[in-house]
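The values are calculated or read from the model by the stated rules, or taken from the named source; none is laboratory data. Values in this document were obtained by computation on a predicted structure and should not be read as measured data. Backbone-built Cβ (ideal geometry, glycine too); neighbour counts: all protein chains shown. Remember, those area values only see protein heavy atoms, side chains included, never the ligands or the DNA or RNA. Shrake-Rupley method; radii C 1.70, N 1.55, O 1.52, S 1.80 Å.
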Amino acid sequence: MAKKQQAIQAIRGMHDILPEHSPRWHKVEAAIREVVDSYGYQEIRLPIVEKTELFKRSIGEVTDIVEKEMYTFDDRNGDSLTLRPEGTAGCLRACLEHGLLHNQVHRLWYCGPMFRHERPQKGRYRQFYQLGVETYGMAGPDIDAEMILLSERLWKKLGIRNKVELQLNSLGTSEERAAYREKLVDYFKAHLELLDDDSLRRLETNPLRILDSKNPDMKQLIAEAPELMDYLGEDSRNHFHALTATLDDLGVSYVLNSRLVRGLDYYGKTVFEWVTDELGAQGTICAGGRYDGLIEQLGGKTNHAIGFALGMERLLALVEMQADFKVDPMVDAYMIRVGTDAEKVGMRVAEQLRTELSGLKLQVHCGGGSFKSQFKKADKSGAEYAVIIGDEEAARGEVSLKPLRTGEEQQNMPVPELVGALKGWLARRNSRSAS
Ligand code: ATP
Ligand code: MG
């Protein structure tokens with residue numbers, strides 16, 4: 001006899017989103033779509049795999065992502081490929097490849113899985129989903145403000161505005177950062193004994209990243225380091241002040257965080273993060289900034305770009321914490337059919353309902369069983385109504401409609417009346433959810 005095979009499990013840090021959880025995703029995704037649409041952003045769909053070179057060149061060799069988090073492999077031709085760890089590089093690659101950056105302005109978004117080989121923990125996975133929003137061809141600071149307004153509108157729509165805080169900084173130009181970098185290296189070199197191993201390494205390769213360290217032992221040292229803001233030139237300062245003035249004008253609250261440097265190398269001028277203290281250590285739900293310089297780095301002409309990425313799992317975790325968070329039930333109506341004729345008629349009526357009532361979610365009980373067992377299924381489905389057909393109803397061309405949640409009486413009616421009743425209910429529900 002064949003030996004019983006061991007079941008195969010998913011890869012650590014890569015999660016299934018089970019059917020019972022997908023309505024929550026749909027709800028957040030629908031809110032996202034509404035918000036990006038309301039600002040006139042277009043969706044771009046991109047490959048999940050890109051040439052490894054793309055990420056090395058864009059994200060930077062000396063970043064956590066490229067140094068230790070990428071899923072890189074040789075394909076059968078021997079080309080080095082990488083599962084995308086983020087979406088900005090691929091999005092820009094696509095826009096350059098298709099000539100979308102010549103004298104044009106674009107406002108784009110995408111949503112999908114990203115892959116990073118990190119230590120899995122709450123809010124940190126190896127496959128996770130990001131919403132990416134990117135714009136091209138606009139120097140700002142007005143578009144910088146729009147990005148922030150768009151994200152804030154999403155928090156408001158999802159009812160979590162009071163749980164997140166906007167942190168802002170300016171990274172200036174690469175020349176300004178270079179001058180600052182020298183000062184910063186001097187400062188850290190004077191305190192070598194306080195640096196951890198990671199930071200010692202970064203001191204040589206990418207000292208700004210030391211400011212991004214999550215090691216609590218280094219907090220004090222980092223807090224007393226020189227501030228980048230003091231090294232910005234006039235143009236960078238003006239840009240930043242114009243952005244904060246716009247935010248002030250529109251009543252968007254923010255805090256200035258001079259330690260905000262972002263993990264990726266390609267940012268300059270405006271950078272921002274939306275953070276919460278309700279998710280433990282993984283508190284950044286959304287992060288972005290201006291990356292004009294990346295365009296040339298990837299072979300394009302001088303241009304402008306700003307974008308952000310939002311971690312969907314973290315956003316969902318925050319949204320689900322609300323006491324009144326509810327998702328739509330799987331179905332609106334559940335059809336119960338008992339008897340040979342009833343089964344035939346029921347299938348026909350169900351198709352008619354689906355044709356005439358757009359937006360109705362109707363599940364037909366399949367596989368037979370008694371009234372009692374079918375009722376149990378109807379109840380469990382979460383449906384508002386049971387539509388019931390026995391052979392007697394079928395013979396009379398009637399059905400019964402039973403409200404399952406209100407305690408109202410079951411009613412017998414001809415099929416056209418059923419259509420009318422469900423139509424009325426759908427209209428009432430839609431007007432309730434719109435208000
Ligand atoms: P962190 O500092 O948490 O590692 P990061 O700077 O690496 O974040 P970004 O590359 O800016 O993150 O990605 C944007 C957002 O994507 C993050 O703010 C977070 O919400 C989400 N994110 C990043 N890495 C992960 C991960 N491994 N699992 C789940 N979400 C993630
Ligand atoms: Mg990270």
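For (1) in a helix (DSSP H, G or I); (2) modelled with pLDDT of 90 or more; (3) open to solvent by less than 20 Å² (accessible area, probe 1.4 Å), each residue gets a yes or a no:
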{"position": "Leu149", "(1), (2), (3)": "yes, yes, no"}
{"position": "Leu154", "(1), (2), (3)": "yes, yes, yes"}
{"position": "Gly159", "(1), (2), (3)": "no, yes, no"}
{"position": "Asn169", "(1), (2), (3)": "no, yes, yes"}
{"position": "Arg177", "(1), (2), (3)": "yes, no, no"}
{"position": "Glu182", "(1), (2), (3)": "yes, yes, no"}
{"position": "Asp186", "(1), (2), (3)": "yes, yes, no"}
{"position": "Pro226", "(1), (2), (3)": "no, yes, no"}
{"position": "Asn238", "(1), (2), (3)": "yes, yes, no"}
Positions within segment 261-316 being near ligand 1 (Cβ under 8 Å from one of its atoms), over 20 Å from Glu165 (Cβ atoms) and in a strand (DSSP E or B), in sequence order: none
In segment 311-363, residue nearest to Gly420 (Cα to Cα) [restricted to those that are over 36 Å from the mean Cα position of the chain (by Cα) and open to solvent by 60 Å² or more (accessible area, probe 1.4 Å)]: Gln352
Test: residue in segment 102-113 that is in contact (Cβ under 8 Å) with a residue 40 or more places away in the chain, assigned to a helix (DSSP H, G or I) and either of a type in the set (A, V, I, L, M, F, W, C) or open to solvent by 20 Å² or more (accessible area, probe 1.4 Å) (or both): no
Selection from segment 417-435 of residues that are modelled with pLDDT of 95 or more and of a type outside the set (A, V, I, L, M, F, W, C): Glu417, Gly420, Lys423, Gly424
Filter result (away from ligand 2 (no atom under 16 Å from the Cβ) and within 18 Å of the chain's Cα centre (by Cα)) within segment 97-145: Arg107, Leu108, Trp109, Tyr110, Cys111, Gly112, Leu131, Val133, Glu134, Thr135
Any chance Arg84 is surrounded by 15 or more Cβ atoms within 10 Å (Cβ to Cβ), within 12 Å of ligand 1 (Cβ to nearest atom), at pLDDT 95 or above and of a type in the set (D, E, K, R): yes
Residues being touching a residue at least 12 places away in the same chain (Cβ under 8 Å) and more than 16 Å from ligand 1 (Cβ to nearest atom) - total across segment 62-79: 2
Residue in segment 128-149 that is among the polar types (S, T, N, Q), touching a Pro at 6+ places or on another chain (Cβ under 7 Å) and within 16 Å of ligand 1 (Cβ to nearest atom) present: no
Close pairs (6 angstrom Cβ cut-off, 6 or more residues apart or separate chains): surrounded by fewer than 18 Cβ atoms within 10 Å (Cβ to Cβ) in segment 201-214, of a type outside the set (Val, Ile, Thr) and modelled with pLDDT of 85 or more anywhere: Leu203/Phe188
Residue in segment 56-68 that is in contact with a strand residue (DSSP E or B) (Cβ under 6 Å, 6 or more places away or on another chain), closer than 27 Å to Pro207 by Cα and outside any helix (DSSP H, G or I) present: no
Subset of segment 373-430 (residues that are assigned to a strand (DSSP E or B) and open to solvent by 20 Å² or more (accessible area, probe 1.4 Å)): Tyr385, Glu398, Lys402, Gln411, Asn412, Pro414
Unmet requirement for Ala2, which otherwise passes all of (1) farther than 30 Å from Met321 by Cβ; (2) in contact (Cβ under 8 Å) with a residue 24 or more places away in the chain: (2)
Odd one out for Leu279 among (1) over 21 Å from Lys156 (Cα atoms); (2) surrounded by fewer than 22 Cβ atoms within 10 Å (Cβ to Cβ): (1)
